[in-house]
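What follows is one structure encoded as structure tokens, with my remarks underneath.
The values are calculated or read from the model by the stated rules, or taken from the named source; none is laboratory data. Bear in mind that the values here come from a model prediction, so they are computed numbers and not experimental data. As a convention, Cβ positions derive from the backbone with ideal geometry for all residues, glycine included, and neighbour counts pool all protein chains shown.
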Amino acid sequence: LLSSYKSTSSQRANEQTHDDIDECILQEMNGYVCKDAGGFYRKYFQGREWSADAERITERAYP
């Protein structure tokens, strides 16, 4: 079975930097990010107990 999934498990050395890991994650996600997924925001973010706090934080960060 061929798959485009790649593992970063071989790159988990202690000396690896955050930037290296970020680059690996971006490479793995390339082509797998969905845009404009209908209902995503409503399902995962609206109506949560922390939603109002997050909204206030966002408004202060981006007035």
For LYS43, indicate whether it is modelled with pLDDT of 80 or more and of a type in the set (Lys, Arg).
yes
Looking across segment 4-36 at residues that are of a type in the set (A, V, I, L, M, F, W, C) and surrounded by fewer than 10 Cβ atoms within 10 Å (Cβ to Cβ), the single one that is modelled with the lowest pLDDT is ALA13
When segment 23-61 is checked residue by residue, the ones that are charged (D, E, K, R), in a loop (DSSP other than H, G, I, E, B) and at negative phi are LYS35, ARG48, GLU49
